[in-house]
1. For the list (1) open to solvent by 70 Å² or more (accessible area, probe 1.4 Å); (2) in a loop (DSSP other than H, G, I, E, B); (3) in contact (Cβ under 8 Å) with a residue 12 or more places away in the chain, I need the number of the one condition that LYS122 fails.
2. Condition test on ALA64, is it among the small types (Gly, Ala, Ser), out of contact with any His (no Cβ under 6 Å at 6 or more places or on another chain) and modelled with pLDDT of 90 or more?
3. For residues that are surrounded by 15 or more Cβ atoms within 10 Å (Cβ to Cβ), charged (D, E, K, R) and more than 11 Å from the chain's Cα centre (by Cα), tally how many sit in segment 69-119.
4. Suppose we filter ARG157, ARG142 for residues that are modelled with pLDDT under 95, in a helix (DSSP H, G or I) and of a type in the set (D, E, K, R); which single one remains?
Amino acid sequence: MSKQPMQDELMAVVPNNLPVQFWTTVGVDHSGWLWKRGDHFRTWRRRWFVLKGRKLFWFKDQEAATNQDSVPRGEVAVHRIISVQQAGSACPKPFAFELTGQDSTQTYVADSAGEMQAWLFKLQATVALYEAETFSARHFVRELSGYVLQTPLFEVRMP
């Protein structure tokens with residue numbers, strides 16, 4: 001079963017497109033250097049990543065991440081992540097992990113095993129929290145829908 005229809009249904013209850021002030025350090029869940037492959041030129045480039053709220057942003061450098069006028073080089077919305085796991089043998093680089101989404105898998109590489117584990121933990125926790133929130137919201141919507149359908153909008157009294 002595809003997750004997309006359920007996500008569309010929940011957008012009003014659990015919004016995913018709220019603006020995130022990435023340039024402030026308040027509310028940053030995790031940040032640090034990771035290597036990622038370019039979208040056009042498939043070379044590995046070191047980028048500064050910021051996990052904040054429900055989004056993972058990346059920037060050319062750490063300074064750009066704290067500048068309100070800068071634009072992230074890219075972002076991944078947590079609601080699009082299906083799994084977070086250590087990369088398999090297909091990636092020859094050590095300390096690599098993968099974010100698998102509905103349409104693609106992106107590989108990221110940390111500088112050490114400890115940094116990789118920290119990123120895996122934070123990303124898995126963020127995805128799990130989002131899934132718990134959507135489960136609660138889905139349950140709330142279903143309960144509310146059942147209540148609304150069973151409750152008359154007005155009562156007719158006969159004389």
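1. Condition not satisfied by LYS122: (2).
2. No, not satisfied.
3. Selection size over segment 69-119: 3.
4. Exactly one residue qualifies, and that residue is ARG142.
Conditions (1) free of Cβ contacts under 8 Å to residues at least 40 places away in the same chain; (2) farther than 22 Å from ARG42 by Cβ; (3) acidic (Asp, Glu); (4) touching a Leu at 6+ places or on another chain (Cβ under 6 Å), marked per residue:
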{"site": "ASP69", "(1), (2), (3), (4)": "yes, yes, yes, no"}
{"site": "GLY74", "(1), (2), (3), (4)": "yes, no, no, no"}
{"site": "ILE82", "(1), (2), (3), (4)": "no, yes, no, no"}
{"site": "PHE97", "(1), (2), (3), (4)": "yes, no, no, yes"}
{"site": "SER112", "(1), (2), (3), (4)": "yes, yes, no, no"}
{"site": "MET116", "(1), (2), (3), (4)": "yes, no, no, no"}
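The values are calculated or read from the model by the stated rules, or taken from the named source; none is laboratory data. Fair warning: this is a prediction, and the values are worked out from it, not measured in the lab. In this analysis, Cβ positions are derived from the backbone assuming ideal geometry, glycine residues included, and neighbour counts consider all displayed protein chains. Remember, those area values only see protein heavy atoms, side chains included, never the ligands or the DNA or RNA. Shrake-Rupley method; radii C 1.70, N 1.55, O 1.52, S 1.80 Å.
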